[in-house]
Structure formats: C-alpha cells, structure tokens
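Working notes for the structure below.
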Amino acid sequence: MPSRFELPDPKPGDGDVVAVGADLEPGTLLQAYRKGLFPMRLPDGHLGWWSPVDRAILPLRGLHISRSLRQSTRRFQVSVDADFEGVIRGCADSRRRDPWITEEFVEAYLQLHRLGWAHSVEVWDNDGRLVGGLYGVAIGGLFAGESMFHDVRDASKVALVHLVVVMSQGGGRLLDVQWQTPHLQTLGAMVIGRLAYLEKLDEALRGPDVFAASHESDSM
C-alpha cells in the first residue's frame, strides 16, 4: 500500500536529518529506503528520517577477513531468514548501550519481513542457540543494514561475512552500513558521503532481488 506521506529527497544543504514525522508503515519505509533515508527517533521522541552526510558502505569486494575471523566462520552455523524476530529482538535488547529499537520498530520491521522486504542472517552455536545476527531491508541489489548483535565473540562479524557472500552470489550491488564505526572499519567499511551513496543507490535499486537466489538455494 502506498504511503500517506511524501518524504523529501535529500538535498546538498541538508544535515543528517532530512525530515521529521510520518509513520513506520511498509509503504513509508520502502519509500524512504528508495530515497536513501532510514528512520530513527530523535532525542525529543519525534520520528526522524536520516540520510547521513558521511554515509558509509561496505564494498562487497572490500571485505577484510582476518585469520581469527576466518577461524570463527567455522565455529558457527549460519542461516538466512530462519528467525527474523529473534535477531531483531537480540538487536533491541535493552541491555545494549543506547537502545533505539523500540517495540514500535520491532513490529514495523516484522511486518516488512512478512511482506518479503526485510531479511535477517542468524548465527547459531553448536547447541542450536542463536548467538548473533543482523537484519536490514533489501530492495533490488540494495541491502540497507539496520542493526547487528552478538552474544558470543565474532558472531555478528560472521553474520556480516555470510551476508556479503549472499549478496555477491545474488548480484547485490550496495551494502549500506549507514555510519562508519571502528568495528565496521576493521571489516572494510568506508565513508563515501551522501552524494556518492545516492548515485550508487539509484543503480542498486535496479539490480536483481538478492535474497531470491538465497532462498532458492535453501530450498534445494
């Protein structure tokens, strides 16, 4: 269903927050991602639509896998879309520093997942316990990463490695990580800025459905 709201396109003079208001309905969220925006609450509680000036991505061919991380990939089992709710609730854990994923966000992205737009990568230990993962929104060749978590060392990194494999095999073109962090930088993430991101986004949206190939292989 189309959104009741028309979100603005980011302009050169805009700061990180491009708009305030609207809702978290699927049509609004999909419109936002297609325009290079994503939602987060502002300190005053209002819903903000963000397009960071210093936008960061993880180049699919630029992933850095250390020797220890390579060893960690062999210690876990990894799946795609097997427990989306478990992953987003792991990311929303109130024990995390500055939790921003409220129940409102959980329900909004669960709805997107049921509609086939939001996806998760799960990491399991040998006892079948969910110990890490990530989730985000996929449109064409774009994967807009929203959050990741780990209860065991390297579990979130292993999820990211698997995501890069899925995207590479499925013809993915753009892995958006929103902002650069020291954690992501060690994996090869880089700041390209908003203008370059929007140029890459336009091309990525015309790409193939990355997760279609992943689910076909899972069902074989």
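Just so it is clear, none of the values below were taken in a lab; they were calculated from the coordinates. Just so it is clear, the structure is predicted and the values come from calculations on it, not from any experiment. Methodologically, a virtual Cβ is constructed for each residue, glycine included, from the backbone with ideal geometry; neighbour enumeration extends over all protein chains shown.
Miscellaneous remarks
- DSSP beta bridge pairing in the chain, given as percent antiparallel to the nearest 5: 90
- Distance between segment 31-78 and segment 83-160 - C-alpha centres, whole angstrom: 11
- Each of ASP9, ASP176 has some number of other Cβ atoms within 10 Å of its Cβ, and from fewest to most they run ASP9, ASP176.
- Stretch in the chain that is longest and holds no trypsin sites (Lys or Arg not before Pro) that DSSP places in a loop and that have at most 16 other beta carbons within 10 Å: 5-60
- Scanning the chain for chymotrypsin sites (Phe, Trp or Tyr not before Pro) in DSSP loops with at most 16 neighbouring Cβ atoms within 10 Å leaves 6-99 as the longest stretch between them.
- The modelled label-to-label distance between TRP179 and ASP127, using points 7 Å beyond Cα along the C-beta direction, is 3.5 nm.
- Computed label-point distance, nm, for sites GLU199 and THR73 using a 7 Å Cα→Cβ extension: 3.1
- Only helical runs count toward this figure. For the chain, summing -39,500 (n - 2.57) over DSSP H runs of n ≥ 4 and dividing by all residues gives -10000 deg cm²/dmol at 222 nm.
- In this structure, the amide hydrogen of SER147, modeled 1.01 Å from its nitrogen in the peptide plane, lies closer than 5 angstrom to those of TYR135, counting only residues at least 5 positions away or on a different chain.
- Selected from LEU205, LEU42, LEU184 as most flexible by GNM, with the chain as the system and alpha-carbon contacts under 10 Å: LEU42
- Remark on segment 56-219: ratio of C-alpha radius of gyration to 2.2 N^0.38 Å is 0.98.
- Modelled label positions at ASP16 and MET40, each set 7 Å beyond Cα in the direction of Cβ, lie 0.5 nm from each other.
- Here the contact order of the chain, divided by its residue count and restricted to Cα pairs under 8 Å and six or more residues apart, works out to 24 percent.
- Entry note, segment 68-153: relative contact order of 31 percent, from Cα contacts under 8 Å with a spacing of 6+ residues.
- Applying 0.36 nm per residue to the separation of ASP9 and GLU85 and subtracting their alpha-carbon distance, the gain on full extension is 24.3 nm.
- Distance histogram for segment 124-220 (every C-alpha pair counted, 10 angstrom bins, percent rounded to whole numbers): 15, 44, 33, 8, 1
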